[in-house]
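The next block holds one structure in the form of structure tokens; read it before the comments.
The values are calculated or read from the model by the stated rules, or taken from the named source; none is laboratory data. Not measured: the values here are computed from a predicted model. Please note: Cβ atoms are built from the backbone with ideal geometry, for glycine as well, and neighbour counts cover all protein chains shown.
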């Protein structure tokens with residue numbers, strides 16, 4: 001007969017004495033049994049893992065959406081400007097490069 005997810009099962013675990021003492025101290029601090037302390041910590045660690053996976057998925061989706069939106073805006077700007085990706089935009093008239101004035105030392109020659 002298969003166990004139900006709600007069944008309580010006994011499990012033996014081997015711990016170092018150092019870890020057993022840490023669990024004991026934490027259980028006393030929380031005013032509950034060592035069993036409750038262990039179960040609580042295990043449950044918390046699994047919840048944290050699930051939250052991290054969900055956060056990673058949300059971040060990946062957000063980055064993908066942002067990249068897609070940015071790419072769409074760039075394509076639209078190129079189309080509106082009458083230039084394709086193979087013809088980069090030319091600099092504006094006000095931004096043309098003018099040679100800098102000759103160095104003062106060069107003038108004196």
Worksheet item: Which residue pairs have Cβ atoms closer than 7 Å, lie 6 or more positions apart in sequence or on different chains, and pair a first residue in segment 11-27 that is without any contact (Cβ under 8 Å) to a residue 40 or more places away in the chain with a second residue that is part of a loop (DSSP other than H, G, I, E, B)?
Response: 27/33
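Can you pull out the helices (runs of 4 or more DSSP H) entirely within the chain that have at least 1 residues that are at pLDDT below 90? Steps first, answer last, please.
Numbers: elements: 17-30, 34-80, 104-107.
Fully inside the chain and qualifying: 34-80, 104-107.
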Practice prompt. Among residues belonging to segment 37-84 that are closer than 22 Å to residue 10 by Cα and in contact with a helix residue (DSSP H, G or I) (Cβ under 7 Å, 6 or more places away or on another chain), point out the one that is surrounded by the most Cβ atoms within 10 Å (Cβ to Cβ).
Written response: 37
